[in-house]
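A short reminder: the numbers here are calculations on the coordinates, not readings from a lab. Since the structure is predicted, the reported quantities are computational estimates derived from the model, not experimental observations. No Cβ is skipped: glycine too gets one built from the backbone with ideal geometry, and neighbour counts run over all protein chains shown.
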Amino acid sequence: MTDPVRTLSETSEQLLARLELLERLEGEKRRLAAGDSRLEDLEYQIATLASLVLEDSERQRDFGTVALLTGAGTGRSLDLLPPRELRAILGDWRNAERRAMAAPPDSIEARTARADVARLRDEYARAHASAAGSSGDWSRRP
């Protein structure tokens, strides 16, 4: 059976990445002049991403309820969960890279996949550092 707390944590990470991307897209849209030909595409991407954020929020609510009802979440903070296995993270990272390469450039699919790549790279670095007994942060290295 899937651990609802682990799934809640993964959904939370995905939600945060999508919110960050949504903020960037909205900022990009605000910098464009009225009538710019790119506005329609950006507005579509923002609406699509906002729908995904809503879906993520609903999934979080569902898994939060399951965790509460089953007692799975008792005493466990999402920030303090042990990392996933490196190979699982690496597999998801590779899939995100493939999605990014297969998607049309600047599409919501490509942007979301690139955000997933960044999120998974950071997750992998944290998990690797944890496995090595280090607290190093690879995401900030040059």
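A few remarks follow.
- Entry note: region 82-142 has Rg to Rh equal to 1.05, where both radii use alpha-carbon atoms and Rh is the Kirkwood radius.
- Restricted to Cα atoms, region 1-76 shows a radius of gyration and a Dmax of 16.7, 53 angstrom.
- Among (1) 30, 20, 13; (2) 37, 18, 15; (3) 36, 17, 10, the entry derived from the coordinates for semi-axes √(5λ) of the Cα gyration tensor in Å: (1)
- If you take the Cα centroid of region 63-122 and the Cα centroid of region 20-60, the two points sit 20 Å apart.
- Here the peptides 55-68, 117-130 are ranked by packing, the mean other Cβ count within 10 Å, and the order with the highest first is 117-130, 55-68.
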